[in-house]
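Structure record follows, encoded as structure tokens.
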Amino acid sequence: MDSFLPVQVSWTPQTAASGSDFYPYTNNAGTVAGISGGDFCVMAADTRQSFGVGYLINTRYQPKMFKLSNGSVLGTSGFYADGLTLIKRINQRLEWYKHAHDKEMSTPALAQLLSITLYSKRFFPYYARVLLGGLDLEGHGVVYGYDSIGSYEPCLARATGSGGSLIQPFLDNQIYRKTPLGILQAPHTLDQVKAVMRDSFTSATERDIQTGDYLELFIITAQGVDVEKYDLRKD
Amino acid sequence: MDRFSGNFDRFSDLFNPYDSNPTNANHAIGDFTKCTRKPLVMGSTVLGLEYQDGVMIAADTLGSWGQLARYRNESRIYPVGNFTVLGAAGDMSDFQHTKHMLDSLMIKEYYTNDDHVLSTPHIYEYLSRVLYHRRSKLDPLWNTYVVGGYNNGERFLGYVDLLGTTYQSSIVATGLGAYFAQPILRNAVEGREGILTEAEAIEILNTCMKILFYRECKTLNRIQRAKVTADGVEISEPYALPTEWSFGEGIRGFGTQTQ
Amino acid sequence: MSGKNCVAIASDKRFGVKYLTISMEFPKMFQATDKTFIGISGLATDVQTLMERFRFKINMYRMNEERDFEPITLANMVSSTLYERRFSPYFVEPIVAGLDKNNNPYINGMDLIGCSTTACDFAATGTPEDQLYGTCEALWEPNLEPEELFETISQTIMSATNRDCVSGWGAVVHVITPERVITRTLKTRMD
């Protein structure tokens, strides 16, 4: 399994601190959110790519959420190059899995794979905030939320990225229906979930400069993945 | 007093975090292991846009050594194969390395003799993976590249920098060009890619390069332009942009005209 | 948060040092005039000091001028009080909310040296600022009646503080209408 290990780099915090002006990360930011339902899962991401510290918009349309070969959807935000590399590695592993086992990898298995892939770069992490959405073995929607070194948990509704802190409490309010008495989860339909997603992103776009331009919704059902695109503010 | 003028302009850090000044006291001259972390001869802005016949990119011909305009005939545009062109900003020695690397790649592919030709997206992907790999080794190729191409009726214009960040767009600008030229390009090009004529595209790029020459220190008004169309790559000879400075006569209040 | 001829102001009730909770009954807002409140988040000693200074200044104003502070005047007073300490500031971020003499809502948020912003919709400060702004943007709408405004601000502050580990432990909401001030205490998670 040696070939699965990441490229070894002679990097330690000490070498990074001494002499070199080169900082190997930037933050191209953006927001990703996911909500799971009874037999569906909705993933959403904006499409703006920013330059990081320079207050520049690189481009208004560079998708950072991708459908994978097993029908689940992986969204990334943070350092775009790391996110893209992560997706390439995951896609490769999915292909190997398919050839080895003659079936597609399930979403929960992929969630674990994603976790160990992130952890394999524990000391030179992928600076990517990722969210994985799909259907579990029973066909129920699932969303997995991660930190950049591989901690993960399945959740009902999750937002991450530059606008994550703005959206997450709203999702708690609308999807989890959290109250002082506990969690009273309201049943929600696909249309309601899509409406909540669109509201979340229009709100986040108002206050977060790195979120905007277009919203892409990936709707995952047993029939496959539908993609919808909506406008967001472009300022 | 700090005699290193590079330390005067604090803005250079903000506008171009990858810039550096070889006359800086901290520079790693003599420590060759660190040379790739400290660029020496630097190229500045590259601009690119899509128009109706294909893509067009422009760059000036200056290789700066710190604040010194050291090499005034440095070509920063290079053809790769028949339908791809590469524009480079950043360290010129790393650019030359990249040129050798891509030439070797194209020759290797040619001798395979399997009727497959690397098209622009392939070259772009290869280049971006090389740059990402080098950044992951913390030994980056200190460049920002603009890759333009035209394959089977498809325009391609992409950006890749020393961190491996990539994006494709109908307009691309590097360095200070991202601040000065990008808004002008967006106004002039976005949504009109299919109807923009060659003459208009040339006019837009000339205007942008002239504005950059007026406002950016590390540029020349001597530029090169390249276009990629169905007919292949065509890179112009360097030519000078006419500039107008007479308005300076009328400015009062600073410099030598204080009255 | 502003409504139709009404404003609401809410805060949580926690007082803590880093991750240690010391009190769950710490008021961060006080009534400045009949129809105006000041809410202050930040360093507790500065919060208390400023509340006393503002109370003093408000009383002096009332005695000298024989009238109450208008909210906009009050906001300017708060702002200049903070700017007096430009180079050794109070570590606070105040919000002034109230109804002016025509019963129009007035809301003002400030940073620690008094740079103030008047908002027509809502203002938020404190550790869960991001969460508050995100939720406000999604839940708030113009011209809310007092009871609707109460529900909106309550949902907002509960959702936002639940995602901030150093906020919560109960909340207080004041809804200011031309006739009266409605004060309610919210039960929230206590962990």
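Any read-out appearing in this document is the output of simple, stated calculations on the displayed coordinates, not a laboratory observation. Quick caveat, the model's predicted, so the values are computed rather than measured. Cβ placement follows ideal geometry from the backbone for every residue including glycine, while neighbour counts extend to all protein chains displayed.
The mean sequence distance of close C-alpha pairs (under 8 Å, at least 6 residues apart), as a share of the length of chain C, puts its relative contact order at 30 percent.
Straight-line cross-link partners of C:Lys28 among the lysines, defined as a Cα under 21 Å from its Cα and at least 8 positions apart when in the same chain: C:Lys13, C:Lys18, C:Lys57, C:Lys187. If you find the alpha carbon centre of segment C:135-191 and of segment A:93-140, how far apart are they in angstrom? Segment C:135-191 and segment A:93-140 have Cα centres separated by 40 Å.
Would segment B:50-242 count as rounded, prolate or oblate if I go by the C-alpha gyration tensor, calling it rounded below 1.5 in a/c and otherwise prolate when a/b exceeds b/c, oblate otherwise? In terms of gyration-tensor shape, oblate. Using θ = phi - 60° in the Karplus curve 6.51 cos²θ - 1.76 cosθ + 1.60, the 3J(HN,Hα) couplings for segment B:99-106 round to 4, 4, 4, 5, 4, 4, 4, 5 Hz; x is entered for Gly and Pro.
Taking the helices alone, chain A has a mean residue ellipticity at 222 nm of -9000 deg cm²/dmol, built from -39,500 (n - 2.57) per DSSP H run of at least 4 residues and averaged over all its residues.
The number of Lys pairs in segment B:50-242 with C-alpha atoms less than 30 Å apart, excluding pairs fewer than 8 positions apart on the same chain, is 11. Normalised by the number of residues in segment C:23-101, the average gap of Cα pairs under 8 Å and 6 or more apart makes the relative contact order 42 percent. Between B:Asp115 and C:Arg189, the simple label model (points 7 Å from Cα in the Cβ direction) yields a spacing of 6.4 nm. So which aspartates and glutamates can A:Lys229 reach, going by Cα to Cα under 18 Å and dropping same-chain residues fewer than 8 places off? Partners within reach: A:Asp46, A:Asp191, A:Asp199, A:Asp213, A:Glu216.
As a length-normalised measure over Cα pairs under 8 Å and 6 or more apart, the relative contact order of segment A:48-185 settles at 18 percent. The label point for B:Ala69 and the one for A:Lys67, both projected 7 Å from the Cα toward the Cβ, are 5.4 nm apart. Amide H contacts under 5 Å for B:Arg72: B:Gly63, restricted to partners 5 or more places along the chain or on a different chain, H placed in the peptide plane at 1.01 Å from N. Listed by chain and number, the aspartates and glutamates whose alpha-carbon sits under 15 Å from that of A:Lys88, ignoring those within fewer than 8 places in the same chain, are B:Glu125. Pull out a ≥ b ≥ c, the square roots of the eigenvalues of the alpha-carbon gyration tensor of segment C:7-186, then state rounded if a/c is under 1.5, prolate if not and a/b is larger than b/c, and oblate in the remaining case. Oblate is the answer for segment C:7-186, as a/c is 1.5 or above yet b/c matches or exceeds a/b. Summary of the geometry: segment C:53-74 and segment C:91-125, compared by the centres of their Cα atoms, lie 17 Å apart.
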